Amino acid sequence: MARDLLLEIGAEEIPASFIVPALEDLQRVVTQRLADARLKHGEVRVFGTPRRLALWVKGVADAGEDVVKEVLGPSAKAAFDAQGKPTKAAEKFAEGLKLSVDQLGRAQTAKGEYLSARVEEKGRPAADILQEALHVAVHSINFRKSMRWGDVEASFARPVQWLVALLGGDVVPVVFGDVKSGRVTYGHRFLAPGAIELKAPADYEAALEEAHVVADVAKRRAQLVEKVTAAAKAVGASVMDDPALVDQVTNLVELPSPVVGSFEERHLDLPAEVLVQEMKSHQRYFSLVDGAGKLLPRFIAVSNTPVRDEALSLRGYQRVLRARLADGRFFFDEDRKTPLADRVEKLGRVVWQGQLGTYLEKVERFRSLAVWLAVAAKRAGESATIERAATLAKADLVTGMVGEFPELQGVMGREYARAGGEPDAVALAIFEHYLPRGAEDALPTQDAGALIGIADRLDSLCGIFAIGKAPSGAADPFGLRRACIGIIRLVLGRGYRFSLSAAVDEALRLLAPKLANVKRKAGEPAPREQVLDFFRGRLKALWGEQHRTDVVEAVLSAGFDDLVTAHKRLEALSLIVGRSDFQPLAVAFKRVVNIVEKQGRDVAGGQTQAQKLVDDAEKQLHAAFTQAQGRVAGLVQADDFSSALREITGLKPAVDTFFDKVMVMAEDKDLRENRIRLLTEIGALFNQVADFSKIQAEVAATAA
């Protein structure tokens, strides 16, 4: 009879950011162990609060499923001697399976004939499987930081206080350090601190809710949003949208209880971002706005317990915020006493990266690169704004406010630039060169900030790759993956047309003085190739989210130096590749490419010589190609890749006839090479859109 499983790890308060990843680890390890043991089960749920991580599995079978396996032994040659008698190898194989040699079978494999046996493997009892699985799960949760306590050798995010492990009504023995599993859990630390004895896993969620704990993360989040929204509405306000803060606060409490507070209205003359950051970063308060989205002098704090004396509680919340806002005002006023331009020189004392120099040196490089990009992208009219904004772009890093709140870099640069009388375009570019900060962030609204942002990121990419500190595995300490995706989004979003490889060359040229003494490993690709390959990898992953991976590969293989063009080619090819009539087209084009790849290496370059074409089929193909070539060139120039593809696909009948009636690999060398040149030219025509050999056609191409 199937029974439910419950595992709960009770601990001192676990950091909010640890909870969701830990629950993912817990679920992954347990479900994988059950699968490996062939132990069937139903729905799996996880629960998490600051004091607990839990997993509930519905309907766990009594035992793993039985399975019959074919086991291979020694080869037939090794199993029997010249007289056909069993060797020791055969006897030992049979003995290990508790069989006689006569009971063994034979199996044919790619390597020859082997002795074999069909062995039934009985499924293990669920209790045995789960004891091991839960032990491994509890000990293998991967926390960003762990700690040890007392004499306990095992480590965890915070000291473990209790363990619950139940299979139906039975306790599964699990030990972590000096804590043994049982059936006792605990509710809210203050509202229901007593022990709660669980009879069965099905009682878990309801028992905790009765003890003032909402254990389901999604349910607690929904309650938090509902309560905070209602509290804001009660004072005629709305909550500023901040999903990350909602997630964080959700995992700071077991029972969300919001209260509405206020701060002095005079502080509204500070930049809104400063006020929001003060409330969010230090206090985890929600900011409130009016109907027009304007910040109000009010906030919502979320307590872990219902507030008995709201006035007393609010005084505490408001007192702490009052001190934080006073600090913010002090930094803001002090910072404005020194013009932003006067802070630039101080960047020479701030190291960006040991081998690549200071922030002042970085600014000088990406300023030059941004101006180069403006010319390349035909935005040279922005050069003056770019030069000034790039010069000031990092100056706010040496201000008191950014020192206190690094998240405000760019924001404070904009505000201090305005305060110092800089043009609005310069101030905006200082802020916007950091955009986009994340996958969902908005792009810059003007060219100066966008081009500076590209230059800043490209300087980082080229510099870090050049000194041999490229990302490896999940490690990316310099955020190069994010920087690369940021560049791609900026280029495509703003429609910039320039050569990516030329931009990389220019960035490396500007970095050259810093790279003069850098030694590379033997056989290691040059930094230029590494950076371009990194872009290729990001493009493949990014575009692969919305397009067929083989189509993405086909487009990238045909080149991506102009990102805008590459993306237009991808969109056009994605539309046509889904059509039912595309597969035979792909087969024909793939055949052309394959012949060129195999036979074209030994053929000297040059154009097809029309006078050497002898068969009508090849003459017709050459004529069709010549007409299409001119039209395709014009369409590609106009970025009309859909029409270009229609022209290219119009060659299919002539290509089919050519392959049906013409022997490409003719004995006559001149004739053979001329035909290969014709196919090479046709392949080059295809390649203006994509490398069709990368597209996975359902119908296999016939070898030429």
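The values are calculated or read from the model by the stated rules, or taken from the named source; none is laboratory data. Only a predicted model underlies this, so the values are computations on that prediction, with no experimental measurement involved. We place every Cβ from the backbone using ideal geometry, glycine too, and count neighbours over all the protein chains shown.
Looking at E95, E43, E70, E65 in this structure, which one is over 48 Å from the mean Cα position of the chain (by Cα) and at negative phi?
Of the residues listed, the single one that is over 48 Å from the mean Cα position of the chain (by Cα) and at negative phi is E95.
Give region 537-553 a look and list any residue that's in a helix (DSSP H, G or I) and either out of contact with any Leu (no Cβ under 7 Å at 6 or more places or on another chain) or hydroxyl-bearing (S, T, Y) (or both), or say none. It would help to see each step written out before you state the result.
Within region 537-553, the subset in a helix (DSSP H, G or I) is 537-543, 549-553.
Listed by number, the residues that qualify are G537, R538, A541, L542, T549, D550, E553.
Evaluate the following for F534: is it touching a residue at least 60 places away in the same chain (Cβ under 8 Å), in a helix (DSSP H, G or I) and either surrounded by 18 or more Cβ atoms within 10 Å (Cβ to Cβ) or of a type in the set (A, V, I, L, M, F, W, C) (or both)? Full working, then the answer.
On the way: touching a residue at least 60 places away in the same chain (Cβ under 8 Å): yes; in a helix (DSSP H, G or I): yes; either surrounded by 18 or more Cβ atoms within 10 Å (Cβ to Cβ) or of a type in the set (A, V, I, L, M, F, W, C) (or both): yes.
It is true that F534 is touching a residue at least 60 places away in the same chain (Cβ under 8 Å), in a helix (DSSP H, G or I) and either surrounded by 18 or more Cβ atoms within 10 Å (Cβ to Cβ) or of a type in the set (A, V, I, L, M, F, W, C) (or both).
Against the definition (within 33 Å of the chain's Cα centre (by Cα) and hydrophobic (A, V, I, L, M, F, W, C)), how does A376 come out, yes or no?
Numbers: within 33 Å of the chain's Cα centre (by Cα): yes; hydrophobic (A, V, I, L, M, F, W, C): yes.
Taking the combined requirement at face value, the residue satisfies it.
Among the residues in region 194-214, are any outside the structural domain of N304 (by TED's automatic domain parsing), surrounded by fewer than 16 Cβ atoms within 10 Å (Cβ to Cβ) and among the basic types (K, R)?
Yes: region 194-214 contains one or more residues that are outside the structural domain of N304 (by TED's automatic domain parsing), surrounded by fewer than 16 Cβ atoms within 10 Å (Cβ to Cβ) and among the basic types (K, R).
Please go through (1) farther than 30 Å from T358 by Cβ; (2) in contact with a Ser or Thr (Cβ under 9 Å, 6 or more places away or on another chain); (3) assigned by TED's automatic domain parsing to the domain that holds E361; (4) surrounded by 18 or more Cβ atoms within 10 Å (Cβ to Cβ) for R497 and return the number of the only condition it doesn't satisfy.
Status for R497: all satisfied but (4).
Out of I485, I452, I need the residue that is in contact (Cβ under 8 Å) with a residue 12 or more places away in the chain, β-branched (V, I, T) and either more than 25 Å from T565 (Cβ to Cβ) or in contact with a Phe, Trp or Tyr (Cβ under 8 Å, 6 or more places away or on another chain) (or both). Which one? Spell out the reasoning first.
On the way: I485 fails: either more than 25 Å from T565 (Cβ to Cβ) or in contact with a Phe, Trp or Tyr (Cβ under 8 Å, 6 or more places away or on another chain) (or both).
Result of the check over I485, I452: I452.
Output the qualifying pairs, or none if there are none: Cβ atoms under 8 angstrom, residues six or more apart or on different chains, first residue in region 596-618 and assigned by TED's automatic domain parsing to the domain that holds L678 and more than 21 Å from D660 (Cα to Cα), second residue β-branched (V, I, T) and modelled with pLDDT of 85 or more.
Between residues of region 596-618 that are assigned by TED's automatic domain parsing to the domain that holds L678 and more than 21 Å from D660 (Cα to Cα) and residues that are β-branched (V, I, T) and modelled with pLDDT of 85 or more, the close pairs are V603/I676; V603/T680.
Among the residues of region 395-406, are any under 28 Å from the mean Cα position of the chain (by Cα), under 25 Å from L325 (Cα atoms) and at pLDDT below 95?
Yes, region 395-406 contains at least one residue that is under 28 Å from the mean Cα position of the chain (by Cα), under 25 Å from L325 (Cα atoms) and at pLDDT below 95.
Step by step: first the residues of region 25-80, then only those that are among the basic types (K, R), touching a residue at least 60 places away in the same chain (Cβ under 8 Å) and not in a strand (DSSP E or B), then the one that is surrounded by the fewest Cβ atoms within 10 Å (Cβ to Cβ). Which residue is that?
Residues of region 25-80 among the basic types (K, R): 28, 33, 38, 40, 45, 51-52, 58, 69, 77.
Restricting the remaining residues to those that are touching a residue at least 60 places away in the same chain (Cβ under 8 Å) gives 33, 38, 45, 51-52.
Still in the running and not in a strand (DSSP E or B): 33, 38, 51.
Details: R33: 18, R38: 16, R51: 23.
Here the answer is R38.
Could you give every pair whose Cβ atoms fall below 8 Å, whose first residue belongs to region 343-362 and is of a type in the set (S, T, Y), and whose second residue is outside any helix (DSSP H, G or I), counting only separations of at least 6 or pairs across chains?
Cβ pairs passing all conditions: T358/V350; T358/V351; T358/W352; Y359/V350; Y359/V351; Y359/W352; Y359/K394.
Of everything in region 454-474 that's over 28 Å from G493 (Cα atoms) and at pLDDT below 95, which residue is surrounded by the most Cβ atoms within 10 Å (Cβ to Cβ)?
Checking each candidate, the answer is K469.
State the number of residues belonging to region 304-321 that are without any contact (Cβ under 8 Å) to a residue 24 or more places away in the chain and within 41 Å of the chain's Cα centre (by Cα).
Applying the first criterion (without any contact (Cβ under 8 Å) to a residue 24 or more places away in the chain) to region 304-321 yields 308-309, 311-312, 315-316, 319.
Right, trim to within 41 Å of the chain's Cα centre (by Cα) and you get 316, 319.
Of the residues in that region, 2 qualify.
Please go through region 598-626 and pick out each residue that is modelled with pLDDT of 90 or more and touching a Gly at 6+ places or on another chain (Cβ under 9 Å).
Matches in region 598-626: A624 only.
Given the residues G486, G479, which is the only one that is over 24 Å from S557 (Cβ atoms) and surrounded by fewer than 18 Cβ atoms within 10 Å (Cβ to Cβ)? Reasoning before the result, please.
Details: G486 fails: surrounded by fewer than 18 Cβ atoms within 10 Å (Cβ to Cβ).
Sole residue among the options that is over 24 Å from S557 (Cβ atoms) and surrounded by fewer than 18 Cβ atoms within 10 Å (Cβ to Cβ): G479.
Does K111 satisfy the criteria of being exposed (fewer than 13 other Cβ atoms within 10 Å of the Cβ), free of Cβ contacts under 8 Å to residues at least 60 places away in the same chain and under 48 Å from the mean Cα position of the chain (by Cα)? Walk me through how you get there before you give the answer.
Values: exposed (fewer than 13 other Cβ atoms within 10 Å of the Cβ): yes; free of Cβ contacts under 8 Å to residues at least 60 places away in the same chain: yes; under 48 Å from the mean Cα position of the chain (by Cα): yes.
Yes, satisfied.
Hey, does region 204-217 have a residue that's of a type outside the set (A, V, I, L, M), in contact with a Leu (Cβ under 7 Å, 6 or more places away or on another chain) and assigned to a helix (DSSP H, G or I)?
Let us first name the residues in region 204-217 that are of a type outside the set (A, V, I, L, M), namely 204-205, 209-210, 212, 216.
This time we only want the ones that are in contact with a Leu (Cβ under 7 Å, 6 or more places away or on another chain), so: 204, 212.
Next, only the ones that are assigned to a helix (DSSP H, G or I) stay: 204.
Checking region 204-217: at least one residue is of a type outside the set (A, V, I, L, M), in contact with a Leu (Cβ under 7 Å, 6 or more places away or on another chain) and assigned to a helix (DSSP H, G or I).
Would you point out the residue of region 87-128, among those that are among the hydrophobic types (A, V, I, L, M, F, W, C) and part of a strand (DSSP E or B), that is farthest from S75 (Cα to Cα)?
V119
Give region 462-494 a look and list any residue that's aliphatic (A, V, I, L, M), out of contact with any Lys or Arg (no Cβ under 6 Å at 6 or more places or on another chain) and within 15 Å of Q353 (Cβ to Cβ), or say none.
Just the residues of region 462-494 that are aliphatic (A, V, I, L, M), to begin with: 464, 466-467, 470, 474-475, 480, 483, 485, 487-488, 490-492.
Going one step further and asking which of them are out of contact with any Lys or Arg (no Cβ under 6 Å at 6 or more places or on another chain), we end up with 464, 466-467, 470, 474-475, 480, 488, 490-492.
I464, A466, I467, A470, L480 - these are the residues of region 462-494 that are aliphatic (A, V, I, L, M), out of contact with any Lys or Arg (no Cβ under 6 Å at 6 or more places or on another chain) and within 15 Å of Q353 (Cβ to Cβ).
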